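Engineer: Structure below; questions to follow.
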Amino acid sequence: MSIRLKVENLEKIYGEGERAVHAVRGVSFATEPGEFVAIVGPSGSGKTTMLAMIGGLLTPTRGTIEVNGRDIARLRGKELAEYRRQKVGFVFQANNLLPYLTARENLLVMARINGSDLKAARARADQLLEELGLAARRDALATELSGGERQRVAIARALMNDPELVLVDEPTASLDSARGKQVVESLIAEVKGRDKLGLMVTHDMAMAEMADRVLEMHDGQLVAHTVAARG
Amino acid sequence: MIGFLEIRRRKLQFALVGLIVTLISYLVLMINGLGVGLNEQAGRALRNFDADAIAYSDRAGLSVIRSELSAETVERIEAESGARESAPLGYMAVNYTRNDGKVKSAAVLGYDPGTIGEPPVTEGRPLTPADADGLLADRQFLRASGLKVGDTVRLAIRLQEREFTIVGELNEGAFFFQPSVYMLRSTWQEMKYGTNAPGTPVASVVLLKGDGLAGKRGAGWEAVSKSTAFANIEGVSGQQSTVQALQVFGYLIGGLVIGVFFYVLTLQKTPQIGVLKAVGATTGFIFRQLLVQALLVALGGVAIAVPLAWLTNEGIKQVPDPVPIAFTTGTFVTTSALLLLMAVLGVLFSGRQVAKVDPIIALGQQQ
């Protein structure tokens, strides 16, 4: 597993004419395999929009997003679904678990969608839940989990199909700092251990400093590009 | 799998949806059952005749009540129609007094033993030519009158009254909206006309068996198919139009309610559909989950409604004056299939909405 991401002149404009909103303006950057990159910036700076475009949830207005040399900005329909399913693991800010499923079943949904072997998927789900400290809660319904537990299940779900690209939107928003740090460390370990790429949008500078690099956005533009001290 | 698990975990919600499907299915089934019941009441006995065509007097306008055939006309029908077999049959309406003192009417059919006019006996014995005072009674007559095989009953027409012994039970159904009883044609002739003298009409109609008989006519007679004969029973055509309209509206409204219900149910899942798409599920995958869910719920609803309607029918049959209701396998199959189809169509209609759901909604908000 060795993933390279190259974003060039990425732009996203919502609306048209006088009502047009430039959410992302000409953002360019590239990553190396095994990197964990934090994206910071104030609310409305375009960081989640950029993450959504890289994750194939939004179509860019202009620019390219090359994943291992393939421009995913041009993908549509089934190809885009396949990209999201096989390459991307997305952790949403609102965790978005299916409320009527247990923690384990939420993970197994990924295997169902991907058509993976269920026996192996069950073992993988149990392993991920164990790693994230949720082994005892695997049969609890999503609605019975605390905010922090739900967020960790969401992270486990994102890693379920062993994606090369792990995109995380404010993963620690509902966690205390100790648990938040632990979760980000798990994500970094997963990324580095398998030469994946991690992109994390966060407001929490303490968490951002754990990344290899920090991209700072303001008004849709990349205004700073910092290599973290630990990187 | 996801659809099935959602049903298991959201029991109350899906039980309520299932209840709606059950009630709609039950309503549609009952409307159909009442329609079929009314038709049976109109003339199941006529439909059960072992005949391909029925010959009437050509002056009767295909009315069994007004059709009277002389011995000569019956002979001509038998000779000219080309029927393989034939049997003259007499009809009249009589009154009888029930155990509770109420006067009720019954349809009397007079036949000759050994001909195609003879109905099959389910209990007791058939009439023999010696049973001038014997009677075969349909089970509907026995239930309504409270009588049984071996009992006697007095049948009255105009000023005459005559006592008969019920020797056998039939399951031939009603005739002209009345329970039917069968007697010897000679007895029928005596009761209806007061005499067996030559020149007295000998039958109301002639049952004919053979090919291509419907539409044939001769001097003083005309033959029609059983379905035409049924449609010409007094009041039946108007009744059938009403029944058919009820059935069509039942299917239409019932089907639409179920279809719309599943459509709305699918639209309510938009946020979850967005999440599934965001994690890579194709529209087809999501669609299959919704379809399985709709089919399971609709199947459950129909599976409850069918036996419920059947039990209602059985219950109604037990009362002395039952509402005419009847079910055929066809009614159950058609109604079930149609309602299941509408549930599927409801999901299919939502297919475009499912395809249009943007996975970006999974983010909850955009920055």
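The values are calculated or read from the model by the stated rules, or taken from the named source; none is laboratory data. All of these numbers come straight from a predicted model, not from anything done at the bench. In this analysis, Cβ positions are derived from the backbone assuming ideal geometry, glycine residues included, and neighbour counts consider all displayed protein chains. For accessibility, only protein heavy atoms count, side chains too; no ligands or nucleic acids. Shrake-Rupley method; radii C 1.70, N 1.55, O 1.52, S 1.80 Å.
Engineer: Name the one entry in B:E123, B:E161, B:E172 that is touching a Gly at 6+ places or on another chain (Cβ under 9 Å) and acidic (D, E).
Structural biologist: Of the residues listed, the single one that is touching a Gly at 6+ places or on another chain (Cβ under 9 Å) and acidic (D, E) is B:E123.
Residues checked against (1) of a type in the set (S, T, N, Q); (2) over 27 Å from A:E185 (Cα atoms):
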position	(1), (2)
A:L5	no, no
A:L10	no, yes
A:V24	no, yes
A:G56	no, no
A:P60	no, yes
A:T64	yes, yes
A:R76	no, yes
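Engineer: Quick test of your reading of the structure: B:T122 fulfils all but one of (1) of a type in the set (S, T, Y); (2) in a loop (DSSP other than H, G, I, E, B); (3) surrounded by 13 or more Cβ atoms within 10 Å (Cβ to Cβ). Name the failing condition by number.
Structural biologist: Looking at each condition in turn, B:T122 falls short on (2).
Engineer: Moving on. Going by what's in this entry, would B:F261 be described as touching a residue at least 12 places away in the same chain (Cβ under 8 Å), in a helix (DSSP H, G or I), touching a helix residue (DSSP H, G or I) at 6+ places or on another chain (Cβ under 7 Å) and closer than 22 Å to B:D50 by Cα?
Structural biologist: no
Engineer: Within segment B:211-240, which residues are free of Cβ contacts under 8 Å to residues at least 12 places away in the same chain and more than 19 Å from the chain's Cα centre (by Cα)?
Structural biologist: Scanning segment B:211-240 gives a single hit, B:G215.
Engineer: Kindly establish whether A:A135 is farther than 16 Å from B:Q272 by Cα, open to solvent by less than 10 Å² (accessible area, probe 1.4 Å) and more than 13 Å from chain B (Cβ to nearest Cβ).
Structural biologist: In short, no.
Engineer: A:L57 passes all but one of (1) free of Cβ contacts under 8 Å to residues at least 12 places away in the same chain; (2) more than 19 Å from A:H218 (Cβ to Cβ); (3) within 14 Å of another protein chain (Cβ to nearest Cβ); which number fails?
Structural biologist: (1)
Engineer: From B:A309, B:A303, B:A223, which residue is modelled with pLDDT of 90 or more, out of contact with any helix residue (DSSP H, G or I) (no Cβ under 6 Å at 6 or more places or on another chain), open to solvent by less than 30 Å² (accessible area, probe 1.4 Å) and not polar (S, T, N, Q)?
Structural biologist: Matching residue, one of B:A309, B:A303, B:A223: B:A223.
Engineer: Pairs please, first residue from segment A:77-102 and facing chain B (nearest Cβ under 7 Å), second anywhere and open to solvent by less than 20 Å² (accessible area, probe 1.4 Å) and in a loop (DSSP other than H, G, I, E, B), Cβ atoms under 6 Å, 6+ apart in sequence or on different chains.
Structural biologist: A:A81/B:G280; A:R84/A:G56; A:R84/B:G280; A:R85/B:G280; A:F90/A:G55; A:Q93/A:E170
Engineer: Moving on to the next point. Among the candidates B:S241, B:S204, single out the residue that is hydroxyl-bearing (S, T, Y) and modelled with pLDDT of 90 or more.
Structural biologist: Only one candidate qualifies: B:S204.
Engineer: Considering each of A:R122, A:R112 in turn, give the residue that is over 25 Å from A:T48 (Cβ atoms), within 11 Å of chain B (Cβ to nearest Cβ) and modelled with pLDDT of 90 or more.
Structural biologist: Every option except A:R112 fails the conditions.
Engineer: Something else now. Taking segment A:134-178, which residues are under 20 Å from the mean Cα position of the chain (by Cα), closer than 27 Å to A:S43 by Cβ and among the polar types (S, T, N, Q)?
Structural biologist: Hits for segment A:134-178 are A:Q151, A:T172, A:S174, A:S177.
Engineer: Check B:R162, B:R158 and return the single one that is under 16 Å from B:A93 (Cβ atoms), open to solvent by 60 Å² or more (accessible area, probe 1.4 Å) and not aliphatic (A, V, I, L, M).
Structural biologist: Answer to the selection: B:R158.
Engineer: Within segment A:40-97, track down each residue that is under 25 Å from A:R152 (Cβ atoms), aliphatic (A, V, I, L, M) and in contact with a helix residue (DSSP H, G or I) (Cβ under 7 Å, 6 or more places away or on another chain).
Structural biologist: The answer is A:V40, A:A52, A:L57, A:V91, A:L97.
Engineer: Looking at (1) at the interface with chain B (Cβ under 8 Å from one of its Cβ atoms); (2) surrounded by fewer than 20 Cβ atoms within 10 Å (Cβ to Cβ); (3) modelled with pLDDT of 90 or more, find the lone condition where A:G69 falls short.
Structural biologist: (1)
Engineer: Evaluate the following for B:G315: is it within 14 Å of chain A (Cβ to nearest Cβ) and either more than 24 Å from A:A154 (Cβ to Cβ) or outside any helix (DSSP H, G or I) (or both)?
Structural biologist: In short, no.
Engineer: When residues of segment A:141-180 are filtered for being in a helix (DSSP H, G or I), surrounded by 20 or more Cβ atoms within 10 Å (Cβ to Cβ) and more than 14 Å from chain B (Cβ to nearest Cβ), how many remain?
Structural biologist: Residues flagged as in a helix (DSSP H, G or I), surrounded by 20 or more Cβ atoms within 10 Å (Cβ to Cβ) and more than 14 Å from chain B (Cβ to nearest Cβ) within segment A:141-180 amount to 3.
Engineer: Which of (1) more than 19 Å from B:T266 (Cβ to Cβ); (2) within 14 Å of another protein chain (Cβ to nearest Cβ); (3) open to solvent by less than 10 Å² (accessible area, probe 1.4 Å) is the odd one out, the single condition B:I360 does not satisfy?
Structural biologist: (3)
Engineer: Mind checking which residues of segment B:281-312 are among the β-branched types (V, I, T) and within 14 Å of chain A (Cβ to nearest Cβ)?
Structural biologist: B:T282, B:T283, B:I286, B:V292
Engineer: Has segment B:94-115 got any residue that is assigned to a strand (DSSP E or B), farther than 12 Å from B:R154 by Cα, of a type in the set (G, A, S) and open to solvent by 10 Å² or more (accessible area, probe 1.4 Å)?
Structural biologist: no
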